[in-house]
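> This structure is in structure tokens; I'll ask about it shortly.
Each reported figure results from applying straightforward, stated rules to the coordinates on display, with no laboratory input. Since we're looking at a predicted model, the values are computed, not measured. Ideal geometry is used to build each Cβ from the backbone, glycine not excepted, and the neighbour counts take in all protein chains shown.
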Amino acid sequence: MARMEEEVNRPPLASTSTPQDTIVEPAASEAAPASSGSGQGSVGGKEAPRRYSKVELPSQEQMMMDDMMNNCMVKMVLSCVMGGALGGAMGIFFGAFEPMQPGEEKLGIMQSIKNYGRQSLSKSWSYAKGFAAFGALYSGSECVIEQTRAKHDIYNSAYAGCFTGGVMARSGGKEAMAMGCATMGALSVAMDRFMDIH
């Protein structure tokens with residue numbers, strides 16, 4: 001009887017393994033991470049969901065604006081106006097550096113200012129006409145050539161530059177027209193290469 005009581009009161013032996021020591025091996029799909037190159041974007045062995053952005057179609061107003069801006073007549077008018085403005089500004093700038101005419105040193109300050117203003121306006125008008133004609137010819141011819149060829153490449157600029165240079169130099173004869181064609185064609189190609197337009 002005493003022996004039975006001793007066995008009942010005996011403290012239990014310490015367990016050789018505790019819950020903290022238990023190691024649970026992960027599944028094969030979770031143990032090894034995805035290899036680089038084949039499992040990019042995967043999480044836990046599963047491919048991550050792809051996200052797509054919504055494509056917005058252009059509105060009717062945007063389509064009308066694009067059609068208007070691609071019209072050759074609109075391009076020609078815009079280039080003519082911008083060329084005229086640039087030429088006018090350059091004429092005023094260069095007109096201020098015109099040398100004094102003989103006898104002007106005897107004039108008063110106000111009369112000298114009026115003469116300078118007249119010369120500047122005259123040179124500005126001359127520059128504006130030249131730049132406006134150049135812009136309209138080049139832009140219009142390039143647009144027509146591009147629509148005719150149905151290609152957008154550097155040859156359009158070369159042909160348009162040749163045509164514009166030849167027309168602008170028509171008053172100098174055939175040789176001047178050939179020189180203007182070659183010069184403006186080469187300049188147009190060089191500018192396109194420099195600006196990386198095509």
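> Any idea what Rg and Dmax come out to for region 70-138 if you just take the C-alpha atoms, in Å?
Reported Rg and Dmax, both Å: 15.9, 56.
> Placing unit charges on C-beta atoms (Lys and Arg positive, Asp and Glu negative, everything else neutral), compute the dipole magnitude of region 70-138 about its Cα centre in debye, rounded to 20.
180 debye
> OK, next. What is the sum of charges around ALA160, taking Lys and Arg as +1, Asp and Glu as -1, for the other residues whose C-beta is under 9 Å from the C-beta of ALA160?
Working: positive: none; negative: GLU142, GLU146.
After counting each charged neighbour, the total is -2.
> Between ASP153 and GLN60, what's the calculated FRET efficiency when r is the beta-carbon distance and R0 is 22 Å? Round to 0.05.
Numbers: r = 31 Å, r/R0 = 1.40.
The pair ASP153/GLN60 has a calculated efficiency of 0.10.
> Could you work out Rg/(2.2 N^0.38 Å) for region 151-198, with Rg from alpha carbons only?
Output field value: 1.16.
> With just the Cα atoms of region 107-198, tell me how far they stretch along each of the three principal axes, in Å, largest first.
If we take the Cα atoms of region 107-198, the spans are 61, 31, 21 Å.
> Still on this structure, please answer the following. What relative contact order, as a whole-number percentage, does region 151-198 give when Cα pairs under 8 Å and 6 or more residues apart are counted? If you can, show how the numbers build up before the last one.
Values: 55 pairs, mean separation 21.2, N = 48.
With pairs under 8 Å counted, the relative contact order is 44 percent.
> Whole-Hz Karplus ³J(HN,Hα) for region 159-171, in order, using 6.51 cos²θ - 1.76 cosθ + 1.60 and θ = phi - 60°, x for Gly and Pro?
5, 5, x, 5, 4, 5, x, x, 5, 5, 9, 5, 6
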